[in-house]
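Okay, so here's the structure we're looking at.
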Amino acid sequence: MSETASMPVTIRLCQPRGFCAGVDRAIQIVVLALKKYGAPVYVRHEIVHNRYVVEGLRAKGAVFIEELNEIPQEHRDRPVVFSAHGVPKSVPREAEALNLIYLDATCPLVSKVHKQALRHQRRGRHVLLIGHGGHPEVIGTMGQLPDGAVTLVEDEKQAAGIVLPAGLELGYVTQTTLSVDDTAGIIRVLEERFPSLEAPAAESICYATTNRQQAVREAAPGTDLFLVVGASNSSNSRRLVEVAERAGARRSLLVQRASDIPWEELGALATVGLSAGASAPEIIIDEIIAAFRSHYAVVVDPVVTAIEAEDFPVMRSLRDVEMTPADMAFVNGNI
């Protein structure tokens with residue numbers, strides 16, 4: 001028993017947290033494809049950025065690859081799923097050239113950003129994409145347009161120094177998982193430098209990113225520790241860590257499991273914040289709360305800032321496939 005086991009700790013549990021509708025849809029697509037076609041089903045890139053989810057799907061028969069040419073010749077009749085982050089136009093073209101069955105699990109809100117970028121281009125604008133270089137979503141968005149049609153802007157410093165031809169008409173879009181505050185700062189700099197800069201037809205940062213950041217912003221002030229469940233390569237999870245620190249958490253950590261928490265360093269705590277990135281399953285939240293109960297006398301205090309009811313249906317080809325209760329529990333992040 002821990003020496004702190006009788007010490008009272010309040011866990012401010014953020015809601016919304018964890019899986020968003022786009023992640024839920026992407027995981028459903030892989031599970032349904034496995035049920036319809038049998039194993040193996042190939043998945044290009046991690047379907048979502050979460051090791052627990054990826055390993056769970058691998059155990060069910062999913063095979064994760066980075067490029068389509070990794071699919072063995074004898075398995076070219078097997079389906080391949082594109083991840084929720086979206087892919088460049090070259091990827092489905094390659095799949096068609098290889099005669100592959102492919103299922104596009106791109107989040108509809110990422111697809112919306114693709115359409116916004118294409119709309120700018122159709123109207124004769126050069127596109128400024130606010131995002132993080134190398135992130136799969138950014139690669140996918142840039143790959144919707146011809147080479148040279150998009151300029152990536154990663155931060156305010158870049159926005160202040162970017163050099164573009166005089167008289168060029170400009171429009172911007174953003175990666176869906178950015179910090180709301182950081183993005184506003186970058187846009188402000190760009191608008192000051194380029195007064196005719198056109199905004200996208202609708203907000204690019206997705207509802208789930210905004211909602212999770214707002215919940216963290218309200219829960220973080222005065223916390224001794226703020227934990228965000230998520231992977232190190234998850235953009236939206238890393239942003240939540242930053243939001244917690246800016247909002248007043250004394251310390252904020254990104255963890256994938258309860259075992260990642262440096263228990264021996266924590267000592268006396270009064271208030272802990274807890275949230276999860278959009279690709280983190282609820283079962284890990286339960287695991288972390290249970291782990292805290294073994295170290296402290298825990299009271300859970302929900303911090304509810306929004307109720308999410310979004311639901312993105314899977315493609316028609318999979319809608320007649322039935323899922324068991326266990327399948328549904330996995331899709332919802334509960335096993």
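Average projected area of the Cα convex hull of region 109-193, in nm²?
Working: hull surface 20.9 nm².
Orientation-averaged projected area of the Cα hull: 5.2 nm².
Rank the residues R58, R239 as a footprinting-exposure proxy: fewest other Cβ atoms within 10 Å of their Cβ go first. Least to most surrounded, the residues fall as R58, R239.
Per-residue Karplus couplings for region 219-233, computed as 6.51 cos²θ - 1.76 cosθ + 1.60 with θ equal to phi - 60°, are listed in order as 7, 6, x, x, 6, 6, 8, 10, 9, 10, 7, x, 8, 5, 9 Hz, Gly and Pro entered as x.
The ranking of V153, V300, V23 from fewest to most other beta carbons within 10 Å of each one's beta carbon is V300, V153, V23. Put the Cα centre of region 288-307 next to the Cα centre of region 69-110 and the gap is 40 Å.
So which GluC sites (Glu not before Pro) in region 250-320 pass both tests, a DSSP loop state and at most 16 other Cβ atoms within 10 Å of the Cβ?
Values: sites: E264, E265, E282, E287, E308, E310; in loops: E308, E310.
Those that pass, being in a loop and sparsely packed, are E308, E310.
Phi-derived couplings, Karplus 6.51 cos²θ - 1.76 cosθ + 1.60 at θ = phi - 60°, listed residue by residue for region 130-147: 8, x, 9, x, x, 6, x, 5, 5, 4, x, 5, 4, x, 7, 10, x, 4 Hz, with x used for Gly and Pro.
Based on DSSP H runs of at least 4 residues, each adding -39500 (n - 2.57), what is the mean residue ellipticity at 222 nm of the chain after dividing by all its residues, to the nearest 500 deg cm²/dmol? Spell out each step's value before the answer.
Values: 12 runs with 126 residues, N = 335.
Only helices count here, giving -11000 deg cm²/dmol.
Each part gets one Cα centre, and for region 311-335 versus region 38-55 those centres are 15 Å apart. Quick one: grab the alpha carbon gyration tensor of region 40-119, order the square roots of its eigenvalues as a ≥ b ≥ c, and give me rounded if a/c is under 1.5, else prolate or oblate depending on whether a/b is larger than b/c. Since a/c reaches 1.5 but b/c is at least a/b, the shape of region 40-119 is classed as oblate. If you sort the three axes of the alpha carbon gyration tensor as a ≥ b ≥ c, you get a/c of 1.5 or more for region 53-211 and a/b above b/c, which makes it prolate. Counting charges near A149 (Lys, Arg +1; Asp, Glu -1) among other residues having Cβ under 14 Å from its Cβ returns a value of +3.
Can you give me the C-alpha center-to-center distance between region 212-273 and region 120-154, rounded to a whole angstrom? If we compute the Cα centre of each part, the gap is 31 Å.
Note on the chain: lysine pairs with Cα distance below 21 Å, sequence gap of 8 or more or different chains, count 4.
Listing L164, L152 from the residue with the fewest other Cβ atoms within 10 Å to the one with the most, what is the order? The partial results should precede the final answer.
Details: L164 12, L152 18.
Result, fewest neighbours first: L164, L152.
Values quoted throughout were computed directly from the atomic coordinates according to the rules given, and no laboratory measurement underlies them. Fair warning: this is a prediction, and the values are worked out from it, not measured in the lab. Positions of Cβ are backbone-derived with ideal geometry, glycine not excepted, and every protein chain shown enters the neighbour counts.
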